[in-house]
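Encoded as structure tokens, the structure appears first; notes follow it.
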């Protein structure tokens, strides 16, 4: 039994529903359910009666609730007083490359407005590397564009993104109003490296068509990918956020995938056992309130990429 168990228990008892408690604590519902199960097994009592979709606290649960509230109040007072002794706050943030270029700088500015003296360290890499650093506690929290498979990590969707097929305005593909996969057969591509969420999403889709894609250059640098599109006459599948300026200038033509098949959602990720202090909680709320999709939806060069 830990402080974390008691905090989850109090949240469930107060909310009356597992799902509401999970939302309040930024946890998944299975994590909350497991914590309650572990408490019940530890004390060998039933803490809640489950009738329909509603939870009703038992007499044993009411006793534990009273004890838990007192313990958590004392614990929070200890935390507050000890942290006040050292006013220096810190946050270690990870971000995958697209997010690191487009979202992270603004998110850091926003959290520094709340905590002007905060020390922030950041790591920008691909999804695989960021996942490993979260699991080894090298990072407090991260923003990723790929899929997380480890059950020890909690993932919260927070922002929509779109991958688009991009080429420079003089490329042969730019002359077309509509593309099919067949049109991409003899096109030279620049792609992100293996382990990238961007590459993974496109490869998962393209494998279904069984059309070979000619990748002549790999890079984990958005700037070099843009240069390869603009200067080397390569095509790429890239986040629309990374080429917004070039689209507006008319230097790059984009093809959007029909049926939103290359749309994705950026996610906030942290370890399920991570203690969420005030800094981390505020940072999560900053990210959850970030919204700019309406601007991206209205970008020019709205050509349609049809995958048949």
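The values are calculated or read from the model by the stated rules, or taken from the named source; none is laboratory data. Fair warning: this is a prediction, and the values are worked out from it, not measured in the lab. As a convention, Cβ positions derive from the backbone with ideal geometry for all residues, glycine included, and neighbour counts pool all protein chains shown.
So here's what we get for this one:
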| quantity | calculated |
| --- | --- |
| Matching residues in segment 102-113 - criterion: being surrounded by fewer than 14 Cβ atoms within 10 Å (Cβ to Cβ) and in contact (Cβ under 8 Å) with a residue 24 or more places away in the chain | 106 |
| Verdict on residue 99 being touching a residue at least 40 places away in the same chain (Cβ under 8 Å) and surrounded by fewer than 16 Cβ atoms within 10 Å (Cβ to Cβ) | no |
| Which listed residue is in contact with a strand residue (DSSP E or B) (Cβ under 6 Å, 6 or more places away or on another chain) and within 30 Å of residue 27 (Cα to Cα), from 150, 140 | 140 |
| Residue check, residue 258 surrounded by fewer than 16 Cβ atoms within 10 Å (Cβ to Cβ), in contact with a strand residue (DSSP E or B) (Cβ under 9 Å, 6 or more places away or on another chain) and touching a residue at least 12 places away in the same chain (Cβ under 8 Å) | yes |
| Residue in segment 79-96 that is in contact with a strand residue (DSSP E or B) (Cβ under 8 Å, 6 or more places away or on another chain), in contact (Cβ under 8 Å) with a residue 12 or more places away in the chain, in the same structural domain as residue 285 (by TED's automatic domain parsing) and in a helix (DSSP H, G or I) present | no |
| Residue list for segment 12-47, filter: over 33 Å from the mean Cα position of the chain (by Cα) and either touching a residue at least 60 places away in the same chain (Cβ under 8 Å) or surrounded by 15 or more Cβ atoms within 10 Å (Cβ to Cβ) (or both) | 47 |
| All positions within segment 129-154 that are under 21 Å from residue 263 (Cα atoms) and surrounded by fewer than 17 Cβ atoms within 10 Å (Cβ to Cβ) | 147, 149 |
| Boolean, residue 117 is at pLDDT below 90, out of contact with any strand residue (DSSP E or B) (no Cβ under 8 Å at 6 or more places or on another chain) and buried (at least 17 other Cβ atoms within 10 Å of the Cβ) | no |
| Residues (under 19 Å from residue 16 (Cβ atoms), out of contact with any helix residue (DSSP H, G or I) (no Cβ under 6 Å at 6 or more places or on another chain) and either in a helix (DSSP H, G or I) or outside the structural domain of residue 17 (by TED's automatic domain parsing) (or both)) located in segment 47-68 | 59, 60, 61, 62, 63, 64, 66 |
| Counted residues, segment 162-174 - those being modelled with pLDDT of 90 or more and more than 15 Å from residue 225 (Cβ to Cβ) | 5 |
| Residues within segment 261-275 that are crowded, with 19+ Cβ neighbours inside 10 Å and in contact with a helix residue (DSSP H, G or I) (Cβ under 9 Å, 6 or more places away or on another chain), tallied | 6 |
| Filtered residue count, segment 186-204, keeping only those that are surrounded by fewer than 18 Cβ atoms within 10 Å (Cβ to Cβ), farther than 17 Å from residue 130 by Cα and in contact with a strand residue (DSSP E or B) (Cβ under 8 Å, 6 or more places away or on another chain) | 2 |
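Listed here are the residues, each with its yes/no results for (1) assigned by TED's automatic domain parsing to the domain that holds residue 133; (2) assigned to a loop (DSSP other than H, G, I, E, B).
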{"residue": "150", "(1), (2)": "yes, yes"}
{"residue": "155", "(1), (2)": "yes, no"}
{"residue": "167", "(1), (2)": "no, no"}
{"residue": "170", "(1), (2)": "no, yes"}
{"residue": "189", "(1), (2)": "no, no"}
{"residue": "198", "(1), (2)": "no, no"}
{"residue": "203", "(1), (2)": "no, no"}
{"residue": "212", "(1), (2)": "no, yes"}
{"residue": "217", "(1), (2)": "no, no"}
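Each row is one residue, and each column tells you yes or no for (1) in contact with a strand residue (DSSP E or B) (Cβ under 8 Å, 6 or more places away or on another chain); (2) at positive phi; (3) part of a strand (DSSP E or B).
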site: 227; (1), (2), (3): no, no, no
site: 233; (1), (2), (3): yes, yes, no
site: 242; (1), (2), (3): no, no, no
site: 245; (1), (2), (3): no, no, no
site: 254; (1), (2), (3): yes, no, yes
site: 268; (1), (2), (3): yes, no, yes
site: 274; (1), (2), (3): yes, no, no
